[in-house]
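To keep things clear, I will list the structure first and then write my remarks on it.
Quick note: the coordinates plus some simple rules give every number you see, no bench work behind them. This one's a predicted model, so the numbers in the text were calculated from it and none came from an experiment. Counting neighbours? That spans all protein chains shown, and the Cβs are built from the backbone with ideal geometry, glycine included.
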Amino acid sequence: MSDGIRTPGIAAFVAKFLLIVSALLFLWWWKLQPAYVALVGQTAGIVLRFAAGVRLEGMLVEVDPSGVLSTETILIYLVEGARYPIDIAYLVANIPPYCALVLATPGLGLRRSLRVLGIGTAILAATHVFFLVFAFLIADRVQDAPEIPTAIGLFLMTLPFLLWIVLAYRDKISTFILVAEGASPKKEAPPTSAEPSSQD
């Protein structure tokens, strides 16, 4: 009976998610992505300039017209006349799926949905800034260790789903942990002393 009740709910969630994520990705690649890349690029540039001492001369955001909409967006830092391009488009595109997951989740309510959206997108934006700073600082060493940025990229791609589970289902996870701890068998206390034996 439980499978029969849950299956329609899961199917409705998946259908709602697919509709929302399709609309959000179109809007993201149509208008929002270049502006967002410029925002996180400027923020990372401030960190590089004042925390890492990098002499940045400027920043460019270029959209390759051969791509679909703005899917081929590249951030370029200018340092002493040299161009340092960073392909970040596929990483920052993890924001629409996260927003779609939250919006498709039933039972959150408006206020909680907005709170989960705000916290999650702020965390994602912070990881994007971190990636830009890290990618720029190790740009000369990536050829010797390409697995490092690849591992970071895979982590950023899965991060929206982790944030969604933790932030949207935090109360249910806490309840599950408490129930699991309460259901675990308690250890019996060891005897404090041996019973005296009777002697004739």
Problem set entry | Neighbour net charge for E62 - beta-carbon separation under 13 angstrom, K R +1, D E -1 | -2
Problem set entry | For the range 14-114, with +1 on Lys and Arg beta carbons and -1 on Asp and Glu, the positive-most of P96, G81, G41 along the dipole | P96
Exercise. Can you list residues whose amide H is under 5 Å from V54's amide H, if they're 5+ apart or on another chain and H is modeled 1.01 Å from N?
Worked result: R49
For this session: State, to one decimal in nm, how far the label point of A125 lies from the label point of I152, with both points 7 Å from Cα in the Cβ direction.
Result: 2.0 nm
Exercise. Can you give the FRET efficiency for E80 and F134, using 1/(1 + (r/R0)^6), R0 = 25 Å, r = Cβ-Cβ distance, to the nearest 0.05?
Worked result: 0.75
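Which order do the peptides 129-135, 83-89 come out in when sorted by mean C-beta neighbours inside 10 angstrom, highest first? It would help to have the intermediate numbers written out before the result.
On the way: 129-135: 18.9, 83-89: 16.1.
Listed from highest to lowest mean packing, they are 129-135, 83-89.
What is the gain in length, in nm to one decimal, between R170 and A38 on full extension, counting 0.36 nm per residue of separation less the C-alpha to C-alpha distance? Intermediate values should be presented prior to the final figure.
Details: separation 132, 0.36 × 132 = 47.52 nm, distance 3.26 nm.
In short, 44.3 nm is gained.
First obtain the Kirkwood hydrodynamic radius of the range 27-167 from its Cα pairs, then insert it into the Stokes-Einstein equation at 37 °C and 0.692 mPa s, and state the resulting D in µm² per second as a whole number. Before the final figure, lay out each step's value.
On the way: Rh = 16.1 Å.
Answer from the Stokes-Einstein relation: 204 µm²/s.
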